[in-house]
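The values are calculated or read from the model by the stated rules, or taken from the named source; none is laboratory data. Bear in mind the structure is a predicted one, so any value in this text is a computation, not a measurement. We place every Cβ from the backbone using ideal geometry, glycine too, and count neighbours over all the protein chains shown. Heads up: the accessible areas ignore ligands, DNA and RNA and are worked out on the full protein's heavy atoms, side chains in. Shrake-Rupley method; radii C 1.70, N 1.55, O 1.52, S 1.80 Å.
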Amino acid sequence: MKIGILGTGNIGRTLARKLGAAGHDVKAANSRGPETIDAGVLAFGARAVPAAKAVADVDVVILSMPLVRLADVAPLISNLPAETTVIDTSNYYPGRDGTIDAIEAGEVESVWVSRLLGRPIAKAWNCIGASSFEKKGQPAGSPGRIALPVAADRDDDRKAAMALVEATGFTAFDAGPLSDFWRQQPGAPCYCTDLDRDELPAALAAAERQRLPKRRDLTTAVMTERFGNHVANADSDYRVRLARTLYM
């Protein structure tokens, strides 16, 4: 596929590397300009381009940035052809993103994002930590291969997102429409717990919607106390153990 990635942080960087290595035609952009993109992002064939070029003439656009930044790219996304698949990897963290009243009132995060962008989207790669995503991908059929849920309303978006999840080394699981995405939001049993295909369905079913924000915020407090401003560098095994303790 021809893929444009907006955002080259921890998740976007790994997406560019993995999808490039899988043979996809990948363009990567960030908010600071192509000259600022690290060479490691481009090591497997991705090309650094301005944001407007990243979303031009592509089959799929992947948004890999904090939820609070999505409004900045909404004008680019809302003008894409209807058939372009847009995949969002973000999660809502009010301490970082500010309070979003609609989400606080119960609107599903992915539904809010779709409304903000003015078009259908798919959600994928949102519930795996950056370190696990970078290090734990495996070939299809490997025992214990981590499974990742994909939510979407359009069949073509779902198929494209699931194919790309598989290409990054993880088993894609159809998690239903965007309205059910709350089952994979921060605080849910499948969030950053690195479950395999046999374990994931029960975790999605066990999610308790009203408890998610409390669990999310408790994890943030624990991670911040332990790692300070370096939470993103937390060891993947520690993060998984903590998430399994608090969410499952």
Average Cα contact separation per residue, the chain, under 8 Å, 6 or more apart, as relative contact order %: 15
Within the accessible area of the stretch 66-247 (1.4 Å probe), percent carbon and sulfur: 51
Among 143, 98, 162 the positive-end extreme of the charge dipole of the chain (Cβ point charges): 143
Label-point separation, residue 179 to residue 209 (7 Å along Cα→Cβ), nm: 1.0
Rounded tilt (10° steps) of 155-167 against the dominant C-alpha axis of the chain: 80
Cβ-based net charge around residue 84, under 9 Å, with every Lys or Arg adding one and every Asp or Glu removing one: -1
The chain: most fluctuating residue of 36, 219, 14 per GNM, C-alpha cutoff 10 Å: 36
Simple label model, 7 Å out from Cα along Cβ direction - residue 57 to residue 142, nm: 3.5
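Provide the net charge surrounding residue 71, with neighbours chosen by a C-beta distance below 13 Å and charges set as Lys +1, Arg +1, Asp -1, Glu -1.
Every neighbour counted, the sum reads -1.
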Per residue solvent-accessible surface (Å²) - the stretch 1-121, probe of 1.4 Å: 42
Check: the chain dipole with +1 on Lys, Arg Cβ and -1 on Asp, Glu Cβ, in debye: 440
Sum of -39500 (n - 2.57) over DSSP H runs of 4+, divided by residues of the chain (222 nm, nearest 500): -11000 deg cm²/dmol
Point-charge dipole on Cβ atoms (K/R +1, D/E -1) for the stretch 183-248, about Cα centre, debye to 20: 300
Rounded if a/c under 1.5, otherwise prolate or oblate - the stretch 77-117, Cα gyration tensor axes: prolate
Net charge over other residues, Cβ less than 10 angstrom from the Cβ of residue 186 (K, R count +1; D, E count -1): 0
Helix 10-21 vs. the chain, principal-axis angle (Cα, 0 to 90°, nearest 10): 50
Rough spin-label spacing in nm, given labels placed 7 Å along Cα→Cβ, for residue 93 and residue 31: 1.5
Hypothetical label at residue 72: residues of the stretch 88-104 whose amide nitrogen lies under 20 Å (7 Å Cα-Cβ projection): 88-100
